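J.: Sharing a structure, written as structure tokens. Questions coming.
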Amino acid sequence: MATEKIIMAGFGGQGIMSMGQLLTYAGMIEDKQVSWSPSYGPEMRGGTANCSVIVSDSLIGSPIINNDATASVVMNLPSLLKFEKQVIKGGNLVVNSSLIEKKAERKDLNVYYVAANEIATEIGNNKVANMVILGAYIELTKIVSQESIVEAMKKVFGPSKQHLVELNKEALKCGAKEV
């Protein structure tokens, strides 16, 4: 891996920012260069929440991802419509097929459809759909290890939510099996 530039997007409340933070912390744990840029739009009114994450073996010149994302992880239809075009040719597009029935339009991307909400419900909590899709993305790219994500959970979740680590770990594994 040289540099991964990822746009993660969905609607407010889907855990988009948490996914980005976990990926960033996991990169730090593995001594990589990282950047996390949240974008808070009008998500309270049903708009798109997104963040840009860069994980690299070398120094990051700019935290801005401008039509040069190596991947996009999209959790809802507005995110697919907005961010599919920002992925470079040959890049990865990971789509939450539970909430997005539309297929990707571009044929020059590697597209993966993951039924994140259904899988999350099967393992007992529909709130871990973000971890299912993150598990799929990590399995595809090997950008960081699942172990580093789990370690990052301990930091991001804090002591009051340590009981959620096992469930989220299971969600990561289930997502990885989907790709």
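Each value in this text was obtained by applying a stated rule to the coordinates, not by laboratory testing. Given the structure is predicted, the values throughout are model-derived calculations rather than measurements. All Cβ positions, even for glycine, are placed from backbone atoms using ideal geometry, and neighbour counts span all protein chains on display.
J.: Where Rh is the Kirkwood radius over the Cα pairs of region 3-177, the temperature 4 °C and the viscosity 1.567 mPa s, what D in µm²/s does Stokes-Einstein return? If you can, show how the numbers build up before the last one.
T.: Working: Rh = 15.8 Å.
Stokes-Einstein gives a translational diffusion coefficient of 82 µm²/s.
J.: Enumerate the aspartates and glutamates that K82 could reach by cross-link, defined here as Cα to Cα under 18 Å, with residues fewer than 8 away along the same chain left out.
T.: Correct list for K82: E43, D68, E101, E105, D108.
J.: Related question: Among T24, P38, T3, whose Cα projects farthest towards the positive end of the dipole of the chain, with charges put on the beta-carbon of Lys, Arg (+1) and Asp, Glu (-1)?
T.: P38
J.: Cut-off under 26 Å on the C-alpha distance; same-chain residues fewer than 8 positions from K89 excluded. Which lysines are left, in chain and number order?
T.: K5, K32, K102, K103, K107, K142, K177
J.: Modelling each spin label as a point 7 Å along the Cα-to-Cβ direction, I'd like the S145/Y40 distance in nm, to one decimal.
T.: 3.5
J.: Quick one: Karplus J couplings for region 171-179, per residue in order, coefficients 6.51, -1.76, 1.60, θ = phi - 60°, nearest Hz, x for Gly and Pro?
T.: 4, 4, 5, 5, x, 4, 5, 7, 10
J.: Suppose each label sits 7 Å from its Cα in the direction of the beta carbon; what would the K89-Q33 distance come out to in nanometres?
T.: 2.6
J.: Still on this structure, I have one more. Given the chain, what percent of its DSSP beta bridges are antiparallel, to the nearest 5? Could the numbers behind the result be given before it?
T.: On the way: 17 of 31 bridges.
Beta bridges within the chain, antiparallel portion: roughly 55 percent.
J.: From the phi angles alone, apply the Karplus equation (6.51, -1.76, 1.60; θ = phi - 60°) to region 133-146 and give each ³J(HN,Hα) in whole Hz, x where the residue is Gly or Pro.
T.: Along region 133-146, the couplings run 6, 5, x, 5, 4, 5, 4, 5, 9, 6, 4, 9, 8, 4 Hz.
J.: Taking the Cα centre of region 3-177 as origin and charging only Cβ (+1 Lys, Arg; -1 Asp, Glu), how large is the dipole, in debye to the nearest 20?
T.: Details: 18 positive and 17 negative charges, 62 e Å.
Dipole magnitude for region 3-177 comes out near 300 debye.
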